[in-house]
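The values are calculated or read from the model by the stated rules, or taken from the named source; none is laboratory data. Source: prediction; values computed, not measured. Neighbour counts are summed over all protein chains in view; Cβ atoms, including those assigned to glycine, are modelled from backbone coordinates with ideal geometry.
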Amino acid sequence: MSQQQTWSQRFESALHPAIAIFNASIGFDIELIEYDLTGSIAHAKMLAHSRIIPPEEAEQLVQGLEQIRQEYKNGQFTPGIEAEDVHFAVEKRLTEITGDVGKKLHTARSRNDQVGTDIRLYLRDKIKAICTDIRKFQQTLLQIAEQNVEILIPGYTHLQRAQPISLAHHLLAYFQMLQRDFERLQDVYKRVNISPLGSGALAGTTFPIDRHYTAELLHFDGVYANSLDGVSDRDFAIEFLGAASIIMVHLSRLSEEVILWSSEEFRFVKLTDSCATGSSIMPQKKNPDVPELVRGKTGRVCGHLQGLLMLMKGLPLAYNKDLQEDKEALFDTVKTVTACLEAMTILFEEGIEFQTKRLAEAVAEDFSNATDVADYLAARGIPFREAYNLVGKVVKTCLAEGKLLKDLSLLEWQQLHPAFSEDIYDAIAPRQVVAARNSYGGTGFEQVKSAIANARVQIEVQS
Ligand code: ARG
């Protein structure tokens, strides 16, 4: 089937060779071949089920399509540009295998509902796989959290030391982000899993098809109620790219932290040799390439989301060739998110080592216990704002004298306010500062332990 034969007799000459290349999507939509074959098999079965073609012919079509699946797997089916896209490539090969029967496959169908079916089947699979990858990363974070409940790390706001926290608490924040990512994908899946097949080119078909039958064969949860919407809707793809962009933003934020933590300025983590690279000129360097690449790739995925939104914004109903441009964005996003989740899992499993000694020093050498002094007074009846102002004053004096709060004598504390007694030293010790934040969802060790237990249940219930 050359270009001339593909189109109806109304065409007299072939496409300009450069336009044929410009028009073709086979270079990338071959990625859909498995799904195209599966969709076509369901369609062929439906044609027989609805008595549109005889059962023997449907059987021939199904066998031919399965043969193409094998040929593709064995590397014997490698369609080129002349096929234009994966759908034509399959139909052409099917006709070579089955003769005229192959030409019946496209009865009561258009490439418009066909391609819509293919990308939904593709996304369905990929969403499941990405959810599995999210779970793996969550498991890794949870495991590290479990081992580090009592390890303290400075907590920041405005990237200024704020209050010390449990390292586990910090990691569990990312666990929760990933939890929402998982749930968001599960939700997107519901809209991905609706069948457009049978919408035809745009208006339905004159044949007595059974759309529910193909939907059932393909394990869709329902069918599009409107054929125009069925062939031209890409909301589900935008939603997927949105969910993927949010995943990437989460991974990027975590990457940024690892990059900071591994710097000489922080020294909270050491990069192991398995995930770091050197410099070609500076022999002392060890670079955090993995988190940097993840941070960089986030731009790509967010860009794909913008790209698809812009692609859709001016499209009149129903199908327009612009829609061919949705695929590379989806394929690249799936590959990028998958690779980044895997790389981050490896990075946390074996690419970084938390420097516990350095972390312990970090939380002991600052004023991140200042809130606890104010809380100490407030718990003894002094209005919080008053306590806050008093502590501000002490911090100022300490800074001027090069001292920390723990260096003040009891006399100095009591001169500041008579409510202070010996137990102030315990109240401002980093471990106690963390342990005391025992409000629900806080960093107190008891809270963190129960958060870990809840997280375990969460991932076991919805795996
Ligand atoms: N390759 C096309 C795409 O990816 C398939 C649908 C073509 N439909 C059409 N009416 N030209 O969107």
Residue match in region 154-170 (condition: in contact with a helix residue (DSSP H, G or I) (Cβ under 9 Å, 6 or more places away or on another chain), within 16 Å of the ligand (Cβ to nearest atom), in contact (Cβ under 8 Å) with a residue 40 or more places away in the chain and farther than 24 Å from Asp322 by Cβ): no
Condition check for Arg184: without any contact (Cβ under 8 Å) to a residue 60 or more places away in the chain and assigned to a helix (DSSP H, G or I): no
Region 224-242, subset touching a Leu at 6+ places or on another chain (Cβ under 8 Å) and among the hydrophobic types (A, V, I, L, M, F, W, C), residue nearest to the ligand (Cβ to nearest atom): Val231
Search result, residues across region 424-440 that are within 19 Å of Ile165 (Cβ to Cβ) and surrounded by 13 or more Cβ atoms within 10 Å (Cβ to Cβ): Ala427, Ile428, Ala429, Pro430, Arg431, Gln432, Val433, Val434, Ala435, Ala436, Arg437, Asn438
Residues located in region 191-202, provided they are surrounded by 19 or more Cβ atoms within 10 Å (Cβ to Cβ), outside any strand (DSSP E or B) and small (Gly, Ala, Ser): Gly198, Ser199, Gly200
Inter-residue pairs, beta-carbon under 8 Å, first surrounded by 10 or more Cβ atoms within 10 Å (Cβ to Cβ) and in region 398-423, second among the acidic types (Asp, Glu) and in a helix (DSSP H, G or I), 6+ apart: Cys398/Asp407
Residues (part of a helix (DSSP H, G or I) and either surrounded by fewer than 17 Cβ atoms within 10 Å (Cβ to Cβ) or on the phi > 0 side of the Ramachandran plot (or both)) located in region 70-85: Gln70, Glu71, Lys73, Ile81, Glu82
Of all residues making up region 95-116, the number that are in a helix (DSSP H, G or I) and either touching a Lys or Arg at 6+ places or on another chain (Cβ under 8 Å) or under 19 Å from Asp29 (Cα atoms) (or both): 7
Criterion: acidic (Asp, Glu) and within 16 Å of the ligand (Cβ to nearest atom) - qualifying residue of Asp125, Asp113: Asp113
Pairs with Cβ under 7 Å, 6+ apart, first in region 62-90 and among the charged types (D, E, K, R), second away from the ligand (no atom under 16 Å from the Cβ) and at pLDDT 95 or above: Glu71/Phe77
Of the criteria (1) over 19 Å from the mean Cα position of the chain (by Cα); (2) surrounded by 21 or more Cβ atoms within 10 Å (Cβ to Cβ); (3) more than 30 Å from Leu47 (Cβ to Cβ), which one Val188 fails: (1)
Looking only at region 15-53, and only at residues there that are loosely packed, with under 15 Cβ neighbours inside 10 Å, among the aliphatic types (A, V, I, L, M) and free of Cβ contacts under 8 Å to residues at least 24 places away in the same chain, the one that is farthest from the ligand (Cβ to nearest atom): Ala18
Restricting region 310-327 to residues that are more than 10 Å from the ligand (Cβ to nearest atom) and in a helix (DSSP H, G or I), the residue that is nearest to Asn226 (Cα to Cα): Met312
Filter pass, Ser274 being closer than 29 Å to Lys126 by Cα, surrounded by fewer than 16 Cβ atoms within 10 Å (Cβ to Cβ), among the hydroxyl-bearing types (Ser, Thr, Tyr) and touching a helix residue (DSSP H, G or I) at 6+ places or on another chain (Cβ under 8 Å): yes
Residues being touching a His at 6+ places or on another chain (Cβ under 6 Å) and farther than 24 Å from Val115 by Cα - total across region 233-252: 0
Criterion violated by Glu56 - all others in (1) under 29 Å from Ala14 (Cβ atoms); (2) more than 16 Å from the ligand (Cβ to nearest atom) satisfied: (1)
Matching residues in region 203-218 - criterion: being in a helix (DSSP H, G or I) and either surrounded by 18 or more Cβ atoms within 10 Å (Cβ to Cβ) or touching a residue at least 40 places away in the same chain (Cβ under 8 Å) (or both): Arg211, Tyr213, Thr214, Ala215, Leu217
